[in-house]
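> Before anything else, here's the structure in question.
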Amino acid sequence: MANIKLMVCPHDTVRNPDGWYRLVQFLTSRYELSLRFEMSLDFTEFREGMPHADLVYANPSDAIKLIDQHGMKPLMRAADTYDEALIVTGPDGDLPDISAINGAMVASVENLLPTRIALKCMEGKGIKPAGILHRDSWLSVVRSVWNGEAPFGIVYRDAYQELSQQGRDMVRVIGETEERSAFHMFVARPVLYQDLTMLLPALTEMHNDPDGGSILKEISVPAWTTVPDDALAKMRALVNG
């Protein structure tokens, strides 16, 4: 198979880039793929390059963009792994109920999907914040809550888990979404899609292979699974608001 340029969402490579290099080696040696992993230093670099890649492991918003605007096709996703949000408050005082957000300002990264997920979840409970205090990063959201600039914040769960213990101690978690509707996935160029789908049966069993299972654990993926049409449609509706 021709040389395939692979790009991976920076949220995932920041945790363990070596694991993704091991995945490339595994796929290259087992399935005679010619994969070239191009790691992005940040989201600006990733989003500039992703339309020109052959295979992309993307977050929900970027995956839908690649599918709808660039004609890529969904290939597979991490099984039973979803993008969720945490609702946080400051480190001091009595721990409030999540209903206290009603009518209060909430710090978040306004244009990212975890914020939409949290707002949708709260709306279902009859909770409506007074407004969103926009910040440029999840760390800035944590700092804003810690500094008292907003009494509550919405934080991407994975970003919170990547914080140091000192960072996590800056806020307290009072709620967590369980929407189970947004997920990272691999999308592929149409010209390669048919060839790559032939590998799906083997890749969905990768977690049962000793080497494959070790690699999946390293990149925090329980197993690979296909992307059903209904799950993709549900995520598209969420992304497009």
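> Amide H of Leu75 versus every other amide H placed in the peptide plane: which residues, excluding those fewer than 5 positions away on the same chain, fall under 5 Å?
Correct list: Phe186, Val187, Ala188.
> Starting from the Cα-Cα distance between Val173 and Asn3, subtract it from 0.36 nm times their residue separation and give me the gain in nm to one decimal. List each step's numbers first, then the result.
On the way: separation 170, 0.36 × 170 = 61.20 nm, distance 4.49 nm.
So the extension gain works out to 56.7 nm.
> Now for a different question. Hey, what does the equivalent ellipsoid look like for the chain, semi-axes from the Cα gyration tensor as sqrt of 5 times each eigenvalue, largest first, whole Å?
Largest first, the chain gives 35, 18, 16 Å.
> Note the direction-averaged projected area, equal to a quarter of the hull surface, for the Cα convex hull of the stretch 85-176, in nm².
Projected over every direction and averaged, the Cα hull of the stretch 85-176 covers 5.0 nm².
> A follow-up question, please. Go ahead and estimate [θ] at 222 nm for the chain from helices alone: -39,500 (n - 2.57) per DSSP H run with n ≥ 4, summed, over the residue count, rounded to 500.
-11500 deg cm²/dmol
> Moving on. Scan the chain and report its longest stretch carrying no trypsin sites (Lys or Arg not before Pro) that are both in a DSSP loop and have at most 16 other Cβ atoms within 10 Å.
Working: sites that count: Arg15, Lys125, Arg180.
Value returned for the longest uninterrupted segment is 16-124.
> Given H placed 1.01 Å from N in the peptide plane, which residues other than close sequence neighbours of Ala223 have an amide H under 5 Å from its amide H?
Ala79
> If I take the Cα coordinates of the stretch 113-241 and project them onto the principal axes, what are the three extents in Å, biggest first?
53, 33, 26
> What FRET efficiency comes out for Glu149 versus Arg15 if R0 is 22 angstrom and r is the Cβ-Cβ distance? Round to the nearest 0.05.
Values: r = 28 Å, r/R0 = 1.28.
Between Glu149 and Arg15 the formula returns 0.20.
> Over the stretch 1-115, one equal point on each Cα, no solvent: what is log10 I(q)/I(0) by the Debye formula at q = 0.20 Å⁻¹?
For the stretch 1-115 at q = 0.20 Å⁻¹, log10 I(q)/I(0) is -1.17.
> Still on this structure, please answer the following. Spelling out what I want: for every residue of the stretch 81-91, take phi, set θ = phi - 60°, compute 6.51 cos²θ - 1.76 cosθ + 1.60 (Karplus), and round to whole Hz; glycine and proline get x.
Here the 3J(HN,Hα) series is 10, 10, 7, 10, 10, 10, 9, 10, 9, x, x Hz.
> Turning to a different aspect of this structure: Of all beta bridges DSSP finds with both residues in the chain, what is the antiparallel percent, to the nearest 5?
In the chain, approximately 60 percent of DSSP beta bridges are antiparallel ones.
> Something else about it: I'd like the Karplus ³J(HN,Hα) series for the stretch 35-49: coefficients 6.51, -1.76, 1.60, θ = phi - 60°, whole numbers in Hz, and an x wherever there's a Gly or Pro.
Whole-Hz 3J(HN,Hα) from phi for the stretch 35-49: 9, 10, 8, 10, 7, 9, 7, 7, 5, 4, 5, 4, 6, 5, x.
> Hey, can you find the accessible area per residue of the chain for me, probe 1.4 Å, expressed in square angstrom? Please list the in-between numbers first.
Values: 11470 Å² over 241 residues.
For the chain, the solvent-accessible area averages 48 Å² per residue.
> Same structure, new question: Non-local amide H neighbours of Lys5 (under 5 Å, H modeled in plane, Pro and chain starts lacking H): which ones?
Arg36, Asp54, Leu55
> Counting only DSSP beta bridges with both residues in the stretch 56-176, tell me the antiparallel percent, nearest 5.
Antiparallel: roughly 60 percent of the beta bridges in the stretch 56-176.
> Go through the stretch 170-180 residue by residue and turn each phi into a ³J(HN,Hα) via Karplus (6.51, -1.76, 1.60, θ = phi - 60°); whole Hz please, and just put x for glycine and proline.
Along the stretch 170-180, the couplings run 6, 9, 10, 7, 10, x, 9, 6, 9, 6, 6 Hz.
The values are calculated or read from the model by the stated rules, or taken from the named source; none is laboratory data. The structure presented is a predicted model; accordingly, all values stated were derived computationally and were not measured. Quick reminder, even Gly has a Cβ in these numbers, built from the backbone with ideal geometry, and neighbours come from all protein chains shown. In case anyone asks, the SASA skips ligands and DNA or RNA and just uses the protein heavy atoms, side chains included. Shrake-Rupley method; radii C 1.70, N 1.55, O 1.52, S 1.80 Å.
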